[in-house]
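Shown next, in structure tokens, is the structure this report addresses.
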């Protein structure tokens, strides 16, 4: 197992250099004096889970270009998330993909994670690809498959993921299905839905009492004519048919172009069926780009609906929804990309917290469209980076995480430890 490669003293010395320059813009937010402490506390409490598969170089159908020093096993993945958490103070959990991250030593993994202040978030099942030694293929589907034995194999895998998740201390299972069709007439839509529902019910019935089932949807890919859980309405339909422990999971890249994701979020919250998020960004499709790099205003609007909806329902933003990044990159250093994504999420959250909800509600009731836009854009145009940085400072994390990552030569250290040819498992 990797030893800790970034010591608290390094962070402290790094922060000393930036303290004076950090204090000026923070003090410049004088209009927020009364609200500032509450905002900073909410930012300090907010945590986002890191997906194990984002710790290595992703790729495209045409190739993959690893940069070296990638985590070769689960222990090294935990170490990388520990590094991210020490730099940001906002990444206290890791989400595993099984069987990519399978382990026969779950108790030891829990112990190792605890040394970094981490725990295990939602576990993710994988029936979208065949595994070595697998007896039946998922080429034509898994939970929807015409063959009962293939469906049983897929259900069995999910039950095994639940078993492992319990030993790791997780409390939720995320199911994303690649099931669907690429040609008209390839399958019967109704029977595919019904078979998938029957399979999901077997999985749902195996959940521990305190667990949640997240049903993730996607409009297309790998199939291009239909997907069995193609949109939020289908996911919600499954969840309502299954029971109160089933929820919809929203991946920001899993929608058709120009979908109004913030409206989807609002309605799922209203129905009490929003389970959580996979954060990323996109220009054309499921690009899995750095959070906030393409559509930062949309990210803010999504968080606005979340903040307003959670307050109305008296929800705890720390515990009642699952927050996770879902990214896969071929060009950036994976850890630097995750650092940028974490900050983008916190900036958008902070901006949403600044919205004057009472004034916005009055403008909406009066159909004052101009004033409603002014209220939203005033919050969006506020530079909340000093608040986010102050939250990091108070959690003994870095004022400039990417800068410290680079100035400390952390990627070089990882390459020396693991090798220039090290590739992350599961990708």
Legend entry - Helix-derived mean residue ellipticity, 222 nm - over the chain, DSSP H n ≥ 4, -39500 (n - 2.57), to 500: -15000 deg cm²/dmol
Inset, instruction - Order by neighbour count: 287, 251, 80, fewest other Cβ atoms within 10 Å first, most last. - result: 287, 251, 80
Inset, instruction - At 0.36 nm per residue, minus the direct Cα-Cα distance, what do residue 64 and residue 420 gain on full extension? Give it in nm, one decimal, please. - result: 126.7 nm
Inset, instruction - Would you order 290, 319, 103 from fewest to most other beta-carbon atoms within 10 Å of each residue's own beta-carbon? - result: 319, 103, 290
Inset, instruction - Would you mind giving the three semi-axes, in whole Å and largest first, of the ellipsoid equivalent to region 47-175 according to its Cα gyration tensor? - result: 28, 19, 12
Legend entry - Paired Rg and Dmax values of region 125-193, which use every Cα atom, in angstrom: 13.3, 43
Legend entry - Cα-based shape type of region 290-363, given that a ≥ b ≥ c are square roots of the gyration tensor eigenvalues and the cut on a/c is 1.5: prolate
Legend entry - Residues 29, 109, 366, sorted so that the one with the fewest Cβ neighbours within 10 Å comes first: 366, 29, 109
Inset, instruction - Pull out the extension gain between residue 225 and residue 148, defined as 0.36 nm times the separation in residues minus the alpha carbon to alpha carbon distance; nm, one decimal. - result: 25.4 nm
Legend entry - Per-pair calculated FRET efficiency, R0 = 41 Å: residue 356 and residue 102 via Cβ, rounded to 0.05: 0.25
Legend entry - region 98-155-region 390-406 distance, computed between alpha-carbon centres (Å): 34 Å
Inset, instruction - Classify the chain as rounded, prolate or oblate from the Cα gyration tensor: take a ≥ b ≥ c as the square roots of its eigenvalues, call it rounded if a/c is under 1.5, otherwise prolate when a/b beats b/c and oblate if not. - result: oblate
Legend entry - Intensity falloff of region 96-240 expressed as log10 I(q)/I(0), Debye formula with alpha-carbon point scatterers, at q = 0.13, 0.19 Å⁻¹: -0.58, -1.12
Legend entry - Tensor-based shape of region 92-132 (alpha-carbon gyration tensor, a/c under 1.5 rounded, otherwise prolate or oblate): oblate
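Each reported figure results from applying straightforward, stated rules to the coordinates on display, with no laboratory input. Note that the structure is predicted; figures quoted are calculated from it, not measured. Backbone-built Cβ (ideal geometry, glycine too); neighbour counts: all protein chains shown.
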